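Report on the following structure.
The values are calculated or read from the model by the stated rules, or taken from the named source; none is laboratory data. Here the structure is a predicted model, which means the values were calculated and not measured. Note that we place each Cβ from the backbone using ideal geometry, even for glycine, and neighbour counts take in every protein chain shown. All accessible areas refer to the heavy atoms of the entire protein, side chains included, with ligands and DNA or RNA removed. Shrake-Rupley method; radii C 1.70, N 1.55, O 1.52, S 1.80 Å.
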Amino acid sequence: MVVLAASIISKSGKPLVSRQFVDMSRIRIEGYLAAFPKLVGTGKQHTYVETENVRYVYQPIESLYLLLVTNKQSNILEDLDTLRLLSKLVPEYSYSLDEEGICKTAFELIFAFDEAISIGHKENVTGAQVKQYCEMESHEEKLHKLVLQSKINETKDVMKRKASEIDKSKIEKNRGERGGFMPLQSMSSGRIDSGFGSDTNMSSTGGGYGSSSGFGMGTDIESFSTKSKGRPPASATAPPKGLGMQLGKTQRTNQFLESLKAEGEVIPEDVRPTVGQSKPAAPPPTDPVTLNAEEKLNVTLKRDGGISNFDVQGALSLQILNQDDGLIQVQVETGGNPAILFKTHPNINKELFNNENILGLKDPNRPFPTAQSGDGVSLLKWRMQSGDESLVPLSINCWPSVSGNDTYVNIEYEAFSMCDLQNVVISVPLPALREAPSVRQVDGDWRYDSRNSVLEWSILLIDNSNRSGSMEFVVPPADPASFFPISVRFTAASTFCDLKVTNVLPLRGGPAPKYSKRTLLTTENYQVV
């Protein structure tokens, strides 16, 4: 069998890709390809055409023809086997089977044809082997590139350090040259007044300048020493003009430091507090009585839909600042959800709670202990388990799909309208990568943790304006199972129990103490597996 050429042409006979495996002039192969559409009949079942000199073995591919030009002495069965192999290779390398797609991947198709046919004879290879040969992956080449890149990065780091040292030395040198102005500032704030009365004080202070030129003129120093301790004239207290120009040099230094920061250098700097620069930390409880209701959420969702585990565990704690306010009882409303099971502390009067929804100690003469810090005293715990997927506050769908040499991953979230979610972080595990994934679209922010190979998708707040969102990123080919389990973290200001504190009842009589309630929902283990 001798294959003269393997070609892809249009239905009108326009050659798109043609690979010749024997010595053949361009005019000759163009003549063969131009004559082929005239020889193809309509309504015939066979896929070959013979002329006096050659045989055409072809297969239609949408609006194109995949064509083998062979001599008439070749084995037609082997020709069909070769055509079948090439028909599997074409869709592997061309993303669209039209003229534009074929022309853009012409060289890849030619290389694949060369691996399948050698000197006109079919090689004993499969489509997967041809793809592997064309990729030509080499461990030595990868190792060489890694070593080369590490050397480049090391050189850049050395260059940055040298540049930083040079500019720091320039800054120190400039500070040394401007050192004479420092005593002037301190002197203008108090030392001048103490030195007006004696020449010795002024002379010792003036020695720090190095020369009288730092003060403008030597005669000014003499005039200062002879003046009384009264208020100095305005001209004497005014700083010299050179001082303002020297201070202006710090702008140039700041520009250099900003450029170093942009390149990745860590520059320590003195941070001065400014108004509104950062939010203050949450203050400790200031009310005499504080009740904290906190729920922890444990959810396991299935990647194909459904829920494996939904468990809510909550607790109500009491924090009292003063011992005088310890003799109280707390009246609550539980919401009446039969799926929630409550359990009181052993020191709490269980019968009083079951009958009147009042939390109080078994001994009414015993006050609650005070707690200046921590979570306070636990009063009540509850738990809810369910298999209802509609209760899930945040559902995650992940769709990995492999296309060619890339894996496209689409992730979308949908939040339940029960409450607003804050500080949402969706952590997606990734296979080992040499560089960060290519994020095509994201609603929110993202960060790649290269140490743990995790992509973190963060949304600051999910409310009625963004109950749903999506993210799309691309990584090299990977197993879809490698993107699971997906972990989720968030907080919310409302709970499933909807426990309400209606009143705080004093046992000694008198007005009820002022109280406040804090509610928090957090995730303890929230995963999509």
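Condition check ((1) assigned to a loop (DSSP other than H, G, I, E, B); (2) among the hydrophobic types (A, V, I, L, M, F, W, C); (3) closer than 27 Å to S516 by Cα) across all residues:
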| residue | (1), (2), (3) |
| --- | --- |
| T300 | no, no, no |
| D324 | no, no, yes |
| V332 | no, yes, yes |
| N355 | no, no, yes |
| D363 | yes, no, yes |
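Yes/no per residue for (1) hydroxyl-bearing (S, T, Y); (2) at pLDDT 90 or above; (3) surrounded by fewer than 14 Cβ atoms within 10 Å (Cβ to Cβ); (4) outside any strand (DSSP E or B):
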site	(1), (2), (3), (4)
V428	no, yes, no, no
R434	no, no, yes, yes
R451	no, no, yes, yes
I459	no, yes, no, no
V488	no, yes, no, no
G510	no, no, yes, yes
K517	no, no, no, no
L520	no, yes, no, no
Y526	yes, yes, no, no
Original post:
Can you name the residue in the stretch 370-402 that is of a type outside the set (D, E) and at pLDDT below 85 and, of all such residues, is farthest from N525 (Cα to Cα)?
Top reply: T370
**OP:** Would you check which residues across the stretch 42-69 are open to solvent by less than 90 Å² (accessible area, probe 1.4 Å), of a type outside the set (D, E, K, R) and in contact with a Phe, Trp or Tyr (Cβ under 8 Å, 6 or more places away or on another chain) and list them?
**Re:** T47, V49, V54, Y56, V57, Y58, Q59, Y65, L66, L67, L68, V69
Subject >> Hits in the stretch 3-39 - residues which are touching a Lys or Arg at 6+ places or on another chain (Cβ under 9 Å) and of a type in the set (V, I, T) >> reply: V3
**OP:** Evaluate the following for S453: is it over 21 Å from the mean Cα position of the chain (by Cα) and without any contact (Cβ under 8 Å) to a residue 60 or more places away in the chain?
**Re:** no
Original post:
From the list S417, S401, S395, which one is part of a loop (DSSP other than H, G, I, E, B) and closer than 30 Å to V439 by Cβ?
Top reply: S417
Original post:
All but one of (1) in a strand (DSSP E or B); (2) open to solvent by less than 40 Å² (accessible area, probe 1.4 Å); (3) out of contact with any Asp or Glu (no Cβ under 6 Å at 6 or more places or on another chain); (4) more than 21 Å from T522 (Cα to Cα) hold for V474; which doesn't?
Top reply: (3)
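Results for (1) in a strand (DSSP E or B); (2) of a type in the set (S, T, Y); (3) surrounded by 12 or more Cβ atoms within 10 Å (Cβ to Cβ), shown as yes or no for each residue.
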{"residue": "P431", "(1), (2), (3)": "no, no, yes"}
{"residue": "R440", "(1), (2), (3)": "yes, no, yes"}
{"residue": "W446", "(1), (2), (3)": "yes, no, yes"}
{"residue": "E456", "(1), (2), (3)": "yes, no, yes"}
{"residue": "S470", "(1), (2), (3)": "yes, yes, yes"}
